[in-house]
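S.K.: Sharing a structure here in structure tokens format.
The values are calculated or read from the model by the stated rules, or taken from the named source; none is laboratory data. These numbers come from a predicted model, not from an experiment. All Cβ positions, glycine included, derive from the backbone under ideal geometry; neighbour counts span all protein chains shown.
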Amino acid sequence: MSGAGRRVLVLGGTAEARALAALLVEVPGTVVVSSLAGRVADPRLPVGEVRIGGFGGAAGLARWLSAQRIDAVVDATHPYAARMRTAAVEAARAAGVPHVRLERPGWTAQPGDRWYRVADVDAAVRALPTLGRRVLLTTGRQSLAAFLPLTSVRILARVVDAPVEPIPPHVRVLRSRGPYTVEGELDLMRAHDIDVLVTKDSGGPLTEAKLVAARRLDLPVLMIDRPKPPVLPAVVHTADGAAGWLAGLPAAQPG
Ligand code: NAP
């Protein structure tokens, strides 16, 4: 892509967003501003300019896009960041800025997998006691509260940052951040005698090892589906795809 002073907002918090920022800082005439929500205490920072914190909904983001003279928005937030995804579409439309959604594909079951798909966290809470008693819960800190009342199961909850809510005795918190290896996941599952895995369908290679480990141990996997997407003007699945989409935009106008 060329175009004097083209300013691109990358809504981030994912490996794809960091990969895209790394590609864009090498493109002459492009300024990349990555945005993080500020949820994680010690985030992995992308290269280039970074801003942290919410915008104040779609209206706030639309104002920000205009004030910062942004020429294109790449929404590379996590597949489960449903609010930001919708706000990005609305804000880009309101501000008249081209928008693309960068979303990695979900995972696909392999032979030997025992996956049980459910629509959302509430459905997972209802289904979990029918699948196992010793749970590895990997759905993140924000959904942890929904599982805490399940006193009939023992839960090992793996999260990046410490939960804010009090943790009852049947739940143990393990703080860690991927990427993970298959051997490491097998060790963890065996050490805690895990008999069911709960996960989102995040996709991508960084956290896929738990699915391979569950397959090898013949464990059921409770897989929470992605939230339904809004109508999106353009979708790509890789950082390269997003860079290509940006390269196809008309050159930015000076001023
Ligand atoms: P969300 O529910 O869709 O967003 C909640 C609010 O957080 C948004 O309304 C927005 O606040 C702010 N926000 C979200 N992403 C932002 C960004 N990149 N830059 C600035 N503000 C942002 O999102 P979430 O599920 O809480 O995820 C928050 C962040 O964590 C995202 O950036 C996402 O990529 C990352 N992440 C999420 C998950 C997950 O499982 N949900 C996993 C890994 C990483 P305002 O309304 O004030 O603008």
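S.K.: Does region 54-64 include one or more residues that are under 30 Å from residue 150 (Cα atoms), within 19 Å of the chain's Cα centre (by Cα), surrounded by 18 or more Cβ atoms within 10 Å (Cβ to Cβ) and within 15 Å of the ligand (Cβ to nearest atom)?
M.R.: Among the residues of region 54-64, not one is under 30 Å from residue 150 (Cα atoms), within 19 Å of the chain's Cα centre (by Cα), surrounded by 18 or more Cβ atoms within 10 Å (Cβ to Cβ) and within 15 Å of the ligand (Cβ to nearest atom), which makes the answer no.
S.K.: Filter region 199-224 down to the residues that are away from the ligand (no atom under 13 Å from the Cβ), of a type outside the set (Lys, Arg) and under 21 Å from the mean Cα position of the chain (by Cα) and list them by number.
M.R.: 205, 208, 209, 211, 212, 221, 222, 223 - these are the residues of region 199-224 that are away from the ligand (no atom under 13 Å from the Cβ), of a type outside the set (Lys, Arg) and under 21 Å from the mean Cα position of the chain (by Cα).
S.K.: Moving to a separate point now. If you scan region 33-52, which residues turn out to be small (Gly, Ala, Ser), within 6 Å of the ligand (Cβ to nearest atom) and not in a strand (DSSP E or B)?
M.R.: Hit for region 33-52 is 37, nothing else.
S.K.: Still on this structure, please answer the following. Would you check if there is a residue in region 236-254 being closer than 26 Å to residue 194 by Cβ and of a type outside the set (Gly, Ala, Ser)?
M.R.: no
S.K.: Assigned to a strand (DSSP E or B), farther than 30 Å from residue 73 by Cβ, touching a residue at least 40 places away in the same chain (Cβ under 8 Å) and not aromatic (Phe, Trp, Tyr): which single residue out of 173, 221 fits that description?
M.R.: Sole residue among the options that is assigned to a strand (DSSP E or B), farther than 30 Å from residue 73 by Cβ, touching a residue at least 40 places away in the same chain (Cβ under 8 Å) and not aromatic (Phe, Trp, Tyr): 221.
S.K.: Also, I was wondering about something else. Step by step: first the residues of region 145-189, then only those that are over 14 Å from residue 211 (Cα atoms) and among the charged types (D, E, K, R), then the one that is surrounded by the fewest Cβ atoms within 10 Å (Cβ to Cβ). Which residue is that?
M.R.: So, considering only residues that are over 14 Å from residue 211 (Cα atoms) and among the charged types (D, E, K, R), the one surrounded by the fewest Cβ atoms within 10 Å (Cβ to Cβ) is 165.
S.K.: Take the residues in region 90-113 that are over 26 Å from residue 141 (Cβ atoms) and out of contact with any helix residue (DSSP H, G or I) (no Cβ under 8 Å at 6 or more places or on another chain); name whichever of them is surrounded by the fewest Cβ atoms within 10 Å (Cβ to Cβ).
M.R.: 111
S.K.: Please tell me if residue 79 is at pLDDT below 95 and within 19 Å of the chain's Cα centre (by Cα).
M.R.: Taking the combined requirement at face value, the residue does not satisfy it.
S.K.: Hey, can you tell me all the residues within region 217-233 that are at pLDDT 95 or above and either over 20 Å from residue 82 (Cα atoms) or out of contact with any Pro (no Cβ under 6 Å at 6 or more places or on another chain) (or both)?
M.R.: Answer for region 217-233, where residues must be at pLDDT 95 or above and either over 20 Å from residue 82 (Cα atoms) or out of contact with any Pro (no Cβ under 6 Å at 6 or more places or on another chain) (or both): 217, 218, 219, 220, 221, 222, 223, 224, 225, 227.
S.K.: Looking at region 86-101, is at least one residue among the polar types (S, T, N, Q), within 13 Å of the ligand (Cβ to nearest atom) and either outside any loop (DSSP other than H, G, I, E, B) or more than 18 Å from the chain's Cα centre (by Cα) (or both)?
M.R.: Taking every residue of region 86-101 in turn, at least one turns out to be among the polar types (S, T, N, Q), within 13 Å of the ligand (Cβ to nearest atom) and either outside any loop (DSSP other than H, G, I, E, B) or more than 18 Å from the chain's Cα centre (by Cα) (or both).
S.K.: Only one of 123, 109, 145, 127 is small (Gly, Ala, Ser) and either within 16 Å of the ligand (Cβ to nearest atom) or under 15 Å from the mean Cα position of the chain (by Cα) (or both); which?
M.R.: On inspection, the qualifying residue turns out to be 145.
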